[in-house]
Amino acid sequence: MQELQTATTMVQEGDFLPDTLGPLARDVARARARHGDASGAREMLGDMLKRYEQSPTAMVDIERADYLRALAEALHDLGDREAAMHAWTLALEAGSVNPNARPRAEDLCLTMLSMVRSSAEPTDGMRARMTDIQSGLKAPW
């Protein structure tokens, strides 16, 4: 389908903000999988995750967790639990760096909800990190 190929190219080569790019990549990957190209979808998501890992500071810090959560959801949908858990772990860390408690609380909640929506069970290490992040929040959290 030509539209799906065009959307894939736009996601891979476009100049979108991270909080838009992650969800676009998630949706394109899901569409590719539905149209019989799950391996291509996995490869695209893997490339996007590698790009992030090679240069996380290329993204504005407050947008990193949004990007990573969306990739994690799509990876989980495709059955790549290990890569999804890795992306969610990166999202936890990316969301924990804001000096203000409210954005840290929001990112923590959004990451937890992302996992719940995907029926993904966090690892013991992830649970411990979630508790650490929550413990570091100031009142009213």
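The values are calculated or read from the model by the stated rules, or taken from the named source; none is laboratory data. Computed from a predicted structure; not experimentally measured. Virtual Cβ from ideal backbone geometry, glycine too; neighbours counted across all protein chains shown.
For segment 41-59, name all the residues that are among the hydrophobic types (A, V, I, L, M, F, W, C) and surrounded by 11 or more Cβ atoms within 10 Å (Cβ to Cβ).
ALA41, MET44, LEU45, MET48, LEU49, MET59
Look at GLU82 and say whether it is at pLDDT 95 or above, of a type in the set (Asp, Glu) and farther than 18 Å from LEU24 by Cα.
yes
I need every pair where a residue in segment 79-106 that is of a type in the set (Gly, Ala, Ser) has its Cβ under 9 Å from the Cβ of a residue that is at pLDDT 95 or above and outside any helix (DSSP H, G or I), sequence separation at least 6 or different chains.
ALA84/LEU78; ALA84/SER118; ALA84/ALA120
Give the number of residues within segment 7-18 that are in a helix (DSSP H, G or I), surrounded by 11 or more Cβ atoms within 10 Å (Cβ to Cβ) and free of Cβ contacts under 8 Å to residues at least 24 places away in the same chain.
2
Tell me whether segment 31-39 contains one or more residues that are at positive phi and outside any helix (DSSP H, G or I).
Checked segment 31-39: at least one residue is at positive phi and outside any helix (DSSP H, G or I).
Given the condition hydrophobic (A, V, I, L, M, F, W, C), over 23 Å from GLU53 (Cβ atoms) and surrounded by 12 or more Cβ atoms within 10 Å (Cβ to Cβ), answer yes or no: does some residue in segment 114-132 qualify?
No, there is no match, as no residue in segment 114-132 is hydrophobic (A, V, I, L, M, F, W, C), over 23 Å from GLU53 (Cβ atoms) and surrounded by 12 or more Cβ atoms within 10 Å (Cβ to Cβ).
Of the numbered conditions (1) modelled with pLDDT under 95; (2) over 23 Å from PHE16 (Cβ atoms); (3) outside any loop (DSSP other than H, G, I, E, B), MET115 fails exactly one; give the number of that condition.
So the condition that MET115 fails would be (1).
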